[in-house]
Amino acid sequence: MSRPADVDVLVVGAGVLGVTVAYWLSCLYDCSIVVVDLARTAAAHTSSRNTGVIHRPFYLDPRKKKVFALTSLLSHPLWGELAESAGLPWKPVGTFNVAVEEAEMPTLEKYRAWGVKNGMDEAEMELLDGGGVRSREPEVRCMAGLLSKTDVSVDFGAFTRHLWRLVVSRGVRFLGGERVRSVRTRGGTMEVGLRTEAGYDKIGCRFLVNAAGGGALEIAHGVGLGLDYTSLNFRGEYWVVDEPFAGRVKSNIYRPPKFPQFPFLDPHFVVRADGSRQIGPNAVAVPGPYVYSGIGLAKLAGFLSRPIQPKARLLMNSDFVSLLAGEWRSSLSKSTMCGRVRKFVPGLDEGMLNRRAVFGVRSSLIGPSGFVPEAMLLKGEASAHIVNFNSPGATGAPAFSAMVVKELREEGFLDGFRERPAPHFMRGWEFQPLISRF
Ligand SMILES: Cc1cc2nc3c(=O)[nH]c(=O)nc-3n(C[C@H](O)[C@H](O)[C@H](O)COP(=O)(O)OP(=O)(O)OC[C@H]3O[C@@H](n4cnc5c(N)ncnc54)[C@H](O)[C@@H]3O)c2cc1C
């Protein structure tokens, strides 16, 4: 296949976000779209390296995480439709959030209220005392638990690859194994420098959508956007739980986070879409977005990249330093990791953890006021950059990317492209009803 020299829209990143953006654009516009990714296949990174839970928004603060909450709520039925039509796993296992200590009890009530505020039906949640939880989950010990009945375990990588095949069948092209190295605006269009296997190349585009996950902020910096922000990377590590114990736990079991001011949940007991059980993830600080093993010394220069002040400020926060140290301890010691989950699943033993599972890395944005709670859409002259697209990003991606396309349309960024008179949407994935909710 010949390489395109110039295209209408270039999407950077073939993760769940970039692929859903490509889906909406290819439905709505009759224009040339290319997706470029440093990996050779779609969903090679975070979109296949996560917990695999379609989260219901009960645990998301409606003030600080309003967009994540709404997009998660709205995307749930879209994923359900896709799973059904494509025959992909859809395991409605439900999630318990359990209070182990008295101090955690108010969080459960707060979560229930947040769930309703974020649009969940009251009947989707049930607050149980410790005995009630135990009657459903005999291996769990706690003072009380909030059950979110509609949480589902899925395989986001499989979802993304399925959608990817669909957009490719509609004419979207893929440049795999090519890294975006530079971006610049030239006379109202974009010139994008690529690192390819053969060396360096260039591609021009009329509009660029940057959905490069852990690489997105660096690309945005290239056009002078988001310069007050930097990112920190945290590797989430999982262990597979051996049978027969694994199968005795039927739902996802979470505990309220110890440090709710930081964007991490403590390790949970999860039921995977393939039926296996795992514990994790922790949140181990690593110096780059693709450091899946070791400490990534070679990437240390990236960690020290500017602006350095937000990182320096965080490192002076004693809670944050305590969190960093605890997470590293649970990376280095299986018994520490096991001990964190044993607090609510006491029958779990480190002898049952004999295999590590797939790890994923989240890139969290930090700015002048610390961790940024929501994803951000930064707009340039001929480009849009989505940064900080973290959990529950995979859950919310279909609605989030529709929201991005809506905003770009309304602000005239896509005016030069010919609209399709009769857009062809997948069943349940129609644009108008979705965006009418924003
Ligand atoms: C441990 C963990 C657990 C999680 N659990 C859940 C969960 O249970 N439920 C949930 O909803 N969410 C979860 N998430 C969050 C969710 O996985 C992410 O929000 C989502 O996958 C992000 O998708 P993305 O497309 O932005 O990123 P990615 O999937 O990482 O895609 C970005 C793509 O951009 C490419 N790229 C990067 N830089 C460049 C460049 N310079 N040039 C070309 N290509 C580039 C990368 O190769 C990559 O393929 C979890 C995340 C982690 C880390």
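The values are calculated or read from the model by the stated rules, or taken from the named source; none is laboratory data. Everything numeric here is computed off the predicted structure, so don't read it as measured data. Here the Cβ positions follow ideal geometry from the backbone for every residue, glycine too, while neighbour counts run over all protein chains shown. Accessible surface areas use protein heavy atoms only, side chains included; no ligands, DNA or RNA. Shrake-Rupley method; radii C 1.70, N 1.55, O 1.52, S 1.80 Å.
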Note, ³J(HN,Hα) from phi for the range 47-58, Karplus 6.51, -1.76, 1.60, rounded to Hz, x at Gly and Pro: 5, 10, 10, 9, 7, x, 9, 7, 7, 8, x, 5
Expected output is a single nm value to one decimal: the length gained when fully extending between D415 and Y200, i.e. 0.36 nm times separation in residues minus the C-alpha distance. What is it? 74.3 nm
What distance in nm lies between label points placed 7 Å from Cα along the C-beta direction at K110 and T189? 5.2 nm
Reciprocal of mean inverse Cα separation for the chain (Kirkwood radius, Å): 22.4 Å
Pick from A39, A212, A123: which residue has the top mean-square fluctuation in a GNM of the chain where Cα pairs under 10 Å get a spring? A123
Go ahead and run the numbers for FRET between V168 and E102, Cβ-Cβ distance against an R0 of 56 Å, rounding to 0.05. 0.55
Relative to the present Cα-Cα distance, how much length would full extension add between A312 and D274 at 0.36 nm per residue of separation? 9.5 nm
Among S293, S48, S364, residue whose mean-square fluctuation peaks in a GNM of the chain (springs only between Cα atoms under 10 Å): S293
Only residues of the range 58-97 count here: report those whose backbone N is under 18 Å from the spot 7 Å along Cα→Cβ of R136, or say none. 58-60, 91-97
Quick check: convex hull over the Cα atoms of the range 224-378, volume per residue in Å³, rounded to an integer? 126 Å³
Please work out the average accessible area per residue across the chain, using the 1.4 Å probe convention, and give it in Å². 42 Å²
As I understand it, the value is the acute angle between the Cα axis of helix 156-169 and the longest principal axis of the Cα atoms of the chain; what does it come to in degrees, rounded to 10? 20 degrees
Working out 0.36 nm times the residue gap between S85 and D6, then minus their Cα-Cα distance, what length gain in nm do you get to one decimal? 25.0 nm
Among F400, F389, F413, which one shows the biggest mean-square fluctuation in a GNM of the chain, springs joining Cα atoms closer than 10 Å? F413
Which value in nm describes the separation of the simple spin-label points at E407 and R427, placed 7 Å from the Cα toward the beta carbon? 3.3 nm
Can you order the peptides 134-146, 270-282 by their average number of other Cβ atoms within 10 Å per residue, highest first? 270-282, 134-146
Measure up K65/K299; K64/K149; K299/K406; K110/K250 against 29 Å on the Cα-Cα distance and list the ones that go over. K65/K299; K299/K406
Residue order for Y23, Y200 - accessible surface, 1.4 angstrom probe, largest first: Y200, Y23
Peptide ranges 344-351, 378-385 listed from the most packed, as the mean C-beta count within 10 angstrom indicates: 378-385, 344-351
